[in-house]
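Trainee: Sharing a structure here in structure tokens format.
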Amino acid sequence: MERHITFIGFGEAGMTFAGGMPVRPRAYDHKAAAEATRRAKLADYDRLGVDGKLDNATATAGSTLVLSLVTADCSLAAARETAASIAPDTLFLDMNSVAPATKTETATIIDQAGGRYVDAAIMAPVHPKARAVSILLSGAAAGDAAEALSRLGFAHVRVVGERIGQASAIKMIRSVMVKGLEALTTEMVLAADAAGVTDEVIASLNASWPGTDWAAKADYNLDRMMVHGLRRAAEMEEVAKTLDSLGTGGAMTRGTIERQRAIGALGLTPPEGLSAKISAVLPAKAGVSGDEGQHREMPAFAGMTTL
């Protein structure tokens, strides 16, 4: 068993993975270093029984396995900070949702510091599956990483290659569809509701795809965008980088970025039910302004561009 396991980033994914581990992991999250958010993050450490630290160096000192689980826009900064104190031969699993090019850049940072970098891609929401979630690994040390994760109770880990970027490429390209469908179904139900034809649109889709409950799917997708839209937008920026590097184009993905960001920026707690969610997103959906006959503009989406 690994001597010390450290989580860099202790949000939803880190907290879900940490529960019930066979060893007591360490954790560091930047929120613990900021006075305004420290108390809440320390409470997370205590609740899950982890050895929470106030800085990266203390958290990673002597660790044999580091799991990086930060937002996409912070992945490089987290790697640079970790590289300053990483122990020789430490496995560094980059589980962040970033482009293959970003993973390659991160690998250089970690490898030059003496660590062993592994590209890791989490292929589904970590809750409620936790350590039963599917994880893909690539890189020269991927086999060792798979064994280490297995000893910690991760049940569905697969090595997909020895090249950094292979695992992340699979996740990034898959996200075109997964996150794109979230944005597309949300755009559909908002328009359907504004036109007063939601039931007919949903019924038509259900008839076209037997076995699919499109109302339930739209409800779930809008829920996820409300909660994680900003994080998903940051991930989709990395997806766009991936598509650009492949030369295949990313027009649909750029639309997804805008729609995910717009919903996430509202900062809403999802209410129960699709209709309630739509009303929360579009409080002026059917309203008329003081100028008779002129519909009010939705400020959250006023800045969105047309592709």
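Trainee: Exactly one condition in (1) at pLDDT 95 or above; (2) under 23 Å from Ala233 (Cβ atoms); (3) surrounded by fewer than 22 Cβ atoms within 10 Å (Cβ to Cβ) is false for Arg158; which is it?
Mentor: Of the numbered conditions (1) at pLDDT 95 or above; (2) under 23 Å from Ala233 (Cβ atoms); (3) surrounded by fewer than 22 Cβ atoms within 10 Å (Cβ to Cβ), the odd one out for Arg158 is (2).
Trainee: Within segment 104-140, how many residues are over 18 Å from His156 (Cα atoms) and not aliphatic (A, V, I, L, M)?
Mentor: The qualifying residues number 10.
Trainee: Now a separate question. Would you confirm whether any residue within segment 282-291 is at pLDDT 95 or above and either over 16 Å from Val189 (Cβ atoms) or under 21 Å from the mean Cα position of the chain (by Cα) (or both)?
Mentor: Scanning segment 282-291, I find no residue that is at pLDDT 95 or above and either over 16 Å from Val189 (Cβ atoms) or under 21 Å from the mean Cα position of the chain (by Cα) (or both), so the answer is no.
Trainee: Restricting attention to segment 206-239, which residues are within 15 Å of Pro125 (Cα to Cα) and of a type in the set (Asp, Glu)?
Mentor: Passing the criteria: Asp223, Glu235.
Trainee: Looking at (1) within 26 Å of the chain's Cα centre (by Cα); (2) more than 24 Å from Gly165 (Cα to Cα), which is the one condition that is false for Leu205?
Mentor: For Leu205, the failing item is (1).
Trainee: Go through segment 161-186 and give me each residue that's acidic (Asp, Glu) and surrounded by fewer than 15 Cβ atoms within 10 Å (Cβ to Cβ).
Mentor: Scanning segment 161-186 gives a single hit, Glu162.
Trainee: Out of Val118, Val133, report the one residue that is crowded, with 24+ Cβ neighbours inside 10 Å and in the same structural domain as Thr16 (by TED's automatic domain parsing).
Mentor: Result: Val118 is the single residue among Val118, Val133 that is crowded, with 24+ Cβ neighbours inside 10 Å and in the same structural domain as Thr16 (by TED's automatic domain parsing).
Trainee: For segment 29-54, what are the residues that are crowded, with 17+ Cβ neighbours inside 10 Å and either within 15 Å of Asn96 (Cβ to Cβ) or small (Gly, Ala, Ser) (or both)?
Mentor: Within segment 29-54, Asp29, His30, Ala32, Gly52 qualify.
Trainee: May I ask you to list the residues in segment 9-51 that are at negative phi, in contact (Cβ under 8 Å) with a residue 40 or more places away in the chain and small (Gly, Ala, Ser)?
Mentor: Gly11, Ala13, Gly14, Gly19
Trainee: Let me ask another. Checking Ala192 against (1) surrounded by 15 or more Cβ atoms within 10 Å (Cβ to Cβ); (2) among the aliphatic types (A, V, I, L, M); (3) over 16 Å from Lys277 (Cβ atoms), which test does it fail?
Mentor: (3)
The values are calculated or read from the model by the stated rules, or taken from the named source; none is laboratory data. Note that the structure is a prediction, hence the values are computed from the model and not measured. Every residue, glycine as well, gets a Cβ built from its backbone with ideal geometry; the counts of neighbours run over all protein chains shown.
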